[in-house]
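Bear in mind these aren't lab numbers, they're just calculated from the coordinates by the rules spelled out. Model, not experiment: these values are computed from the prediction. Every residue, glycine among them, receives a Cβ derived from its backbone with ideal geometry; neighbour counts consider all protein chains shown.
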Amino acid sequence: MERLRVQAEGAAAVDEYVEYRRIVGDDDGGKLFTPEQYEEYKRKMLPIRLQNRLYVSWRSSTGMDCKLVGPETQCFCTHRYKQHKTDYEEIPEDRPICVPCRVSCCQCKSYHYVPLNGTQPIRCRCKHFADQHSAAPGFSCNSCSKCSGFHSCFTCGCGQPTYAHETVVETKQERLAQGKPVGQDVPYAAMGGLTGFSSLAEGYMRLDDSGVGGSNAAKQVSNLRSSEEDDMAYFEKQYQERLKKEKAAKQKVKGLLLSKNP
Ligand SMILES: [Zn+2]
Ligand SMILES: [Zn+2]
Ligand SMILES: [Zn+2]
Ligand SMILES: [Zn+2]
Ligand SMILES: [Zn+2]
């Protein structure tokens, strides 16, 4: 009995820690916030996130979002989206909105998605790989002098070459104006273009266009290693739990109404 209780507490602590990481990211500088600091952080950041979220996607020339960028999605600079500046107290007025990398000495001025060929980097027309190019604007090649900037003919699942796509950073209002899905409001860091738990699948594989829904089976967050798949599992689990709570709350209200008005 005692061991079961300890196990349950341990599991709850892991869940809490995962939730903490999803919200705080690396903003604690590697030293866990005290409960007071955590509350203060949430008081300050959550309204900013809910109001000023930036949606990041990789869009083909036909207007399809072929990739929705999430916390773990790699940039051309090889750092992940969550390592870029993703929280804005005020949304910049200039377009395109720049999302610079926060890793010290990285020359990336704004998040730039580049697809992978399976798990391998794709090649430029100069024959060198994406990661052999500079992350500074212009994306010149570090390995040859004939390259005029990264340009890849690698074909996306949508049938269009990589070069016919662009990374798009936009606000909620801008997406709504185009009839694009915005998903639910979430308190987590660096959500980018993820609008639902099924939205990590690439555009042409998604079952619905809302990003909310789909049929991916719930998967437990089995460890604390983060990957794009873990993002999907985590958001799926949170989503299902919220649905369950909402349903239970509705039934409770219904029960109360019935008992008052038999
Ligand atoms: Zn970087
Ligand atoms: Zn970058
Ligand atoms: Zn090149
Ligand atoms: Zn080259
Ligand atoms: Zn595409």
- Answer with one residue from Val253, Val182, Ile48: the one whose Cα lies farthest towards the positive end of the charge dipole of the chain, charges on Cβ with Lys, Arg +1 and Asp, Glu -1. Val253
- Note on the structure: The alpha-carbon center of region 61-85 and that of region 124-154 are separated, in whole Å, by 18 Å
- Query: Which of the pairs Lys31/Lys180; Lys67/Lys254; Lys172/Lys237; Lys85/Lys252; Lys146/Lys172; Lys85/Lys146 have their Cα atoms more than 31 Å apart in this structure?
  - Reply: Lys31/Lys180; Lys67/Lys254; Lys85/Lys252; Lys146/Lys172; Lys85/Lys146
- Charge dipole (debye, nearest 20) of region 1-80; +1 at Cβ of Lys and Arg, -1 at Cβ of Asp and Glu: 380 debye
- Using unit Cβ charges (K, R positive; D, E negative) and no other charged atoms, how large, in debye to the nearest 20, is the dipole of the chain about its Cα centre? 440 debye
- Starting with the highest mean, order 68-76, 9-17 by the number of other Cβ atoms within 10 Å, averaged over the residues of each peptide. 68-76, 9-17
- Query: How far is helix 228-260 tilted, in degrees, relative to the longest principal axis of the Cα atoms in the chain, given as a value from 0 to 90 rounded to the nearest 10?
  - Reply: 30 degrees
- Query: How large is Rg/Rh for region 37-79, to two decimals, with Cα atoms and a Kirkwood Rh?
  - Reply: 1.15
- Item | Along each principal axis, Cα extent of the chain, largest first, Å | 79, 41, 39
- Which one of Pro137, Cys124, Cys75 is farthest out on the positive end of the charge dipole of region 67-184, using unit charges on Cβ (Lys, Arg +1; Asp, Glu -1) and the Cα centre as origin? Cys124
- Net charge dipole size for region 51-110 [Lys, Arg +1 and Asp, Glu -1 on Cβ; Debye, nearest 20]: 260 debye
